[in-house]
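Enquirer: Pasting a structure below so you can have a look.
The values are calculated or read from the model by the stated rules, or taken from the named source; none is laboratory data. Every value quoted in this text rests on a predicted model; they were computed, and no experiment measured them. In this analysis, Cβ positions are derived from the backbone assuming ideal geometry, glycine residues included, and neighbour counts consider all displayed protein chains. Note: areas computed on protein heavy atoms with side chains; ligands, DNA, RNA excluded. Shrake-Rupley method; radii C 1.70, N 1.55, O 1.52, S 1.80 Å.
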Amino acid sequence: MLAYLPRPPTDTSRYGTFPQKPDLPVSGVLVKDGGQQAAATAAKRGAPMPNCPSAPRHSGFVAGEPSGPPSRGSLSAQQPRGRPSWCPPPAPQEGAPRVYPLHALSVANIPNSSRGKTSARSSTIPTPEGLQSRRCKLLEEDSPMVQAGKRQRQRYVTKVGKCQVNLGNIQDKKRFLSDIFTTIVDLKYRWFLFVFMMCYIITWVVFGFIYFFDAWVRGDIGHQGDPEWQACIENVDGFVSALLLSVESQRTIGYGTRMVTANCAEGVILLMAQSIVGSMIDAMMVGCMFVKISRPKKRAQTLIFSKNCVISRRDEKLCLMFRVGDLRESHMVDAKIRAKLIKSRQTAEGEFIPLEQSELNLGYDTGEDRLFLVEPQIICHVINRHSPFWDMSAESLRREQFEIIIILEGIVEATGNHCLAAGMTCQARTSYTEDEILWGYRFEPCMSLEKGAFQVDYSRFEMTFEVQTPAASAKELHELKELEQQEHSTLSLYWDHLLQPCALPGP
């Protein structure tokens, strides 16, 4: 449970991919320190800068950068007022500064060992000597934070959907006996088959012993072959023959050699009791066997989820996305999907809440959580002010520890003559940890139109590709957007005031 607490903040200038250096004074676009000369030398040589994200800006152009489209990991040369810089800007080149549009900026992404098939990242980026020690230090060695992230920690739910929770110290065990049917069905197959066989074997042996005891008390065993003796149970000369009579009676085999006659009332009552008990055992055990085999739990194995989550912009909103698919041609009926965030936290009063569950909105207010799962679909969670990821940036993601549980539910569609399988609810589960979230990636399309039908290529189900995504949190992007709108409205009012003709004074 302590593994889900957020990691303590570390010196990001040493270990992080997105370092900060607040002690370097910045004036406009000039850096007044010893690293200015190294930055200018790097710009002249055309060497790429360290992998640092560009700070979001509200203006449309950035001055002080070399001409041409920026390469991946290029640094911004200006920071907005009132906002901390993500990375120190490089010194401008000699001559007049040039500008380029803001949308051309490329933002680096956090490194991750969990990758798509086509995703490729470089662990190190070549930098000039001296610049790396003064500027953003790349993640080139196994720091304590990286080693802690690489360690395998206990999951709440495994990737295949198994809950890693063991129940212990249960005092009231009789509750399980009150629901014996569900208890038997939930047993593992080896124990289920053992219980199935023992129910029949024990009843055969018990009634066989009663038959043998009745025949021994009445003297039928000692008068075998006597034609004048009126036996209660014929042709029973030992326990084995009594056991065979029990099996023949309960399974209605009836070979005709051993039988219960009408010479004794207890034999008739015993035969009736065994028939009733045998019918009850057949009804229960055969029903348990049928439910055990036809449970829709195995149907969930053909419902697949992407290995990683991705975070990128969709419709100008920062979104967390993952992909789901169904491998069968018999589709799920009324499929619904939901997500839970598992994270431990401490309240303002000091109370520790282990593994707190919070809901992630996947569109339940708009109906987007109800799926027509015919082809693989990308499920989107919009990171807004109601989302727990509202103030999470690409850098803070590396310090978090949480787990996202995905639950897909639906009704198994009836196919062919398997009408009894209709109406059974199937549930598939998986989980994503913070190490399995790729910042700045999208899923590759896996559908194409071929010969008048849509073709799904599941070999591309896990593939992702990198896109330009701001490294700032959704909260910071929203604040910058509001600041830009305020400045734009102020500028519009200023120009309207200048263009307004002077009003003549009244009489």
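Enquirer: Which residues, counting only those in the range 362-371, are out of contact with any strand residue (DSSP E or B) (no Cβ under 8 Å at 6 or more places or on another chain) and either among the polar types (S, T, N, Q) or open to solvent by less than 100 Å² (accessible area, probe 1.4 Å) (or both)?
Expert: 366, 367
Enquirer: Consider only pairs whose beta carbons are under 7 Å apart and that are at least six residues apart or on different chains; among these, list those whose first residue lies in the range 424-436 and is assigned to a loop (DSSP other than H, G, I, E, B) and whose second residue is open to solvent by less than 50 Å² (accessible area, probe 1.4 Å).
Expert: 424/296; 424/412
Enquirer: Now, a different point. Being closer than 27 Å to residue 477 by Cβ, open to solvent by 40 Å² or more (accessible area, probe 1.4 Å) and of a type outside the set (A, V, I, L, M) is the requirement here; does residue 343 meet it?
Expert: Numbers: closer than 27 Å to residue 477 by Cβ: yes; open to solvent by 40 Å² or more (accessible area, probe 1.4 Å): yes; of a type outside the set (A, V, I, L, M): yes.
Yes; evaluated as a whole, the condition is true for this residue.
Enquirer: Among all residue pairs at least 6 apart or on different chains, which show Cβ distances below 6 Å where the first residue, located in the range 367-386, is without any contact (Cβ under 8 Å) to a residue 60 or more places away in the chain and the second is open to solvent by 60 Å² or more (accessible area, probe 1.4 Å)?
Expert: Pairs found: 369/336; 370/336.
Enquirer: Which residue pairs have Cβ atoms closer than 6 Å, lie 6 or more positions apart in sequence or on different chains, and pair a first residue in the range 203-220 that is open to solvent by 70 Å² or more (accessible area, probe 1.4 Å) with a second residue that is of a type outside the set (D, E, K, R)?
Expert: If the second residue must be of a type outside the set (D, E, K, R), the pairs left are 218/232.
Enquirer: Right, something else. Residue 239 - would you say it is closer than 30 Å to residue 158 by Cβ and open to solvent by 50 Å² or more (accessible area, probe 1.4 Å)?
Expert: Working: closer than 30 Å to residue 158 by Cβ: no; open to solvent by 50 Å² or more (accessible area, probe 1.4 Å): yes.
So residue 239 fails the test.
Enquirer: Can you name the residue in the range 282-304 that is open to solvent by less than 30 Å² (accessible area, probe 1.4 Å) and at pLDDT 85 or above and is also farthest from residue 410 (Cα to Cα) among such residues? Spell out how you get there, then give the answer.
Expert: Initial filter on the range 282-304 (open to solvent by less than 30 Å² (accessible area, probe 1.4 Å)): 285, 287-288, 292, 296, 299-300, 302-303.
Applying the additional criterion that residues be at pLDDT 85 or above yields 285, 287-288, 292, 302-303.
Details: 285: 28, 287: 23, 288: 23, 292: 19, 302: 13, 303: 11 Å.
Filtering the range 282-304 for residues that are open to solvent by less than 30 Å² (accessible area, probe 1.4 Å) and at pLDDT 85 or above, the one farthest from residue 410 (Cα to Cα) comes out as 285.
Enquirer: Would you check if residue 383 is open to solvent by less than 60 Å² (accessible area, probe 1.4 Å), β-branched (Val, Ile, Thr) and in contact with a helix residue (DSSP H, G or I) (Cβ under 8 Å, 6 or more places away or on another chain)? Outline the logic, then answer.
Expert: Working: open to solvent by less than 60 Å² (accessible area, probe 1.4 Å): yes; β-branched (Val, Ile, Thr): yes; in contact with a helix residue (DSSP H, G or I) (Cβ under 8 Å, 6 or more places away or on another chain): yes.
Yes: the conditions hold for residue 383.
Enquirer: Let me spell it out: the conditions are (1) open to solvent by 80 Å² or more (accessible area, probe 1.4 Å); (2) more than 30 Å from residue 404 (Cβ to Cβ); (3) out of contact with any strand residue (DSSP E or B) (no Cβ under 9 Å at 6 or more places or on another chain), and residue 188 meets all of them except one. Which number is the exception?
Expert: Here residue 188 clears every test but (2).
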